[in-house]
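The values are calculated or read from the model by the stated rules, or taken from the named source; none is laboratory data. Only a predicted model underlies this, so the values are computations on that prediction, with no experimental measurement involved. Cβ placement follows ideal geometry from the backbone for every residue including glycine, while neighbour counts extend to all protein chains displayed.
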Amino acid sequence: MLSTPHLLGIKNIQKEDIELIFETASNFKEVINRPIKKVPSLRDVTIANVFFENSTRTRLSFELAEKRLSADVINFSSSSSSVKKGETLLDTVNNILAMKVDMIVMRHSSVGSPHFLSKRVKAQIVNAGDGTHEHPTQALLDGFSIREKLGEVGGKKIAIIGDILHSRVALSNIFALKKLGAEVMVCGPTTLIPKYIESLGVKVETDVRKALAWCDVANVLRIQLERQQIKYFPSLREYTLYFGINKKMLESLDKQIIIMHPGPINRGIELSSDVADSEHSIILDQVENGVAVRMAVLYLLAERGL
Ligand code: CP
């Protein structure tokens, strides 16, 4: 059983929780590849997907995971809601819960908003991304995809490359990969690497060629211009010249490495199309695994209860 009634982040869950989620996700992956993809596990559970920020993969993946588990599902998008009329986050969620909802999957631009809610409402909360803080199900599906491709995560060398400063994927990945025994490096312009990062036990590199030569897996991140209030590098063209990954760079290595990306990709900036679509890339496997991993998270949380 999971050690926590909510999934707020990876920082405060146990290695055993991650292993249980992976084991359960493997079973669900087998289920969703059958002709009949649905199981009745969450038939009496109602889940609200409450998204205050844009999403393609995470929202659709949660919705599909919920439907594959036979849960009742409602979707909330802040852009078409009464938040526009001034309603608070807590009032919004309490009104949704008054409709007899059991679980809230939420994405919000404010760091800590799922933690805030988990202390104030009577429902299980799943963090689908809180600002620049954590994106726990992305880290779980990334770890699951590495394990599937390489057999295990422990002992593998993972380089996280790009805008580390604004990335919730980076932080959740660091927590998850370290708990699973991987070696982790972050790579990007010095201005986009937080000063505290070495205290998390990761290596820091500013030369992307050295990072690629070191790693077994490169998890490449998007430059999050929408979260940047100041300029962290002169231009996107210069970012691509120094940190963009292209096929020629991979061919110059004396080994095969795996390329990952949480999406959305900015093609031609952090990754060239001939890398994103190459045999090195497991980007769409990550998306496929996201459904099974989210099924596992929802199933195990419902089993545990509040
Ligand atoms: N990886 C990810 O969170 O993608 P979305 O923003 O499309 O959900």
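Considering each of 218, 176, 211 in turn, give the residue that is closer than 27 Å to residue 280 by Cα, of a type in the set (A, V, I, L, M, F, W, C) and in a strand (DSSP E or B).
After applying the criteria, what remains is 218.
Is it true that residue 89 is in contact with a His (Cβ under 8 Å, 6 or more places away or on another chain), more than 16 Å from the ligand (Cβ to nearest atom) and not aromatic (Phe, Trp, Tyr)?
yes
Working only within the stretch 264-276, note down all residues that are of a type outside the set (Asp, Glu) and either in contact (Cβ under 8 Å) with a residue 24 or more places away in the chain or away from the ligand (no atom under 16 Å from the Cβ) (or both).
264, 265, 266, 268, 269, 271, 272, 273, 275
From the list 173, 127, pick out the single residue that is over 30 Å from residue 237 (Cβ atoms) and under 12 Å from the mean Cα position of the chain (by Cα).
The match here is 127.
Within 16 Å of the ligand (Cβ to nearest atom) and touching a His at 6+ places or on another chain (Cβ under 9 Å): does that describe residue 76?
Here the answer is no, as residue 76 does not meet what is asked.
Give just the number: which of (1) in the same structural domain as residue 266 (by TED's automatic domain parsing); (2) within 13 Å of the ligand (Cβ to nearest atom); (3) not hydroxyl-bearing (Ser, Thr, Tyr) does residue 156 not satisfy?
So the condition that residue 156 fails would be (2).
Among 198, 148, which is assigned to a helix (DSSP H, G or I), more than 14 Å from the ligand (Cβ to nearest atom) and without any contact (Cβ under 8 Å) to a residue 12 or more places away in the chain?
The conditions single out 198.
How many residues does the stretch 153-190 contain that are more than 18 Å from residue 266 (Cβ to Cβ) and hydroxyl-bearing (Ser, Thr, Tyr)?
The total comes to 2.
Residues of the stretch 283-292 being touching a Ser or Thr at 6+ places or on another chain (Cβ under 6 Å) and surrounded by 17 or more Cβ atoms within 10 Å (Cβ to Cβ), which ones?
286, 289, 290, 291
Identify, from the list 222, 168, the residue that is surrounded by fewer than 21 Cβ atoms within 10 Å (Cβ to Cβ), within 16 Å of the ligand (Cβ to nearest atom), closer than 26 Å to residue 9 by Cβ and not assigned by TED's automatic domain parsing to the domain that holds residue 59.
222
Please list, ordered by first then second residue, the pairs with beta carbon atoms under 9 Å, 6 or more apart or interchain, first in the stretch 236-263 and more than 25 Å from residue 190 (Cβ to Cβ) and in contact (Cβ under 8 Å) with a residue 60 or more places away in the chain, second part of a helix (DSSP H, G or I) and within 16 Å of the ligand (Cβ to nearest atom).
What qualifies is 258/145; 258/146; 263/57; 263/283; 263/286; 263/287.
Please enumerate the residues belonging to the stretch 27-64 that are at pLDDT 95 or above, more than 13 Å from the ligand (Cβ to nearest atom) and surrounded by fewer than 16 Cβ atoms within 10 Å (Cβ to Cβ).
Those that are at pLDDT 95 or above, more than 13 Å from the ligand (Cβ to nearest atom) and surrounded by fewer than 16 Cβ atoms within 10 Å (Cβ to Cβ): 27, 30, 33, 34, 35, 36, 37, 38, 40, 43.
Identify, please: which residue in the stretch 282-303 is more than 17 Å from the chain's Cα centre (by Cα) and of a type outside the set (A, V, I, L, M) and is, among those, farthest from the ligand (Cβ to nearest atom)?
Among them, the one singled out is 303.
Just to be sure I understand, how many residues within the stretch 234-263 are farther than 16 Å from residue 209 by Cα and exposed (fewer than 10 other Cβ atoms within 10 Å of the Cβ)?
2
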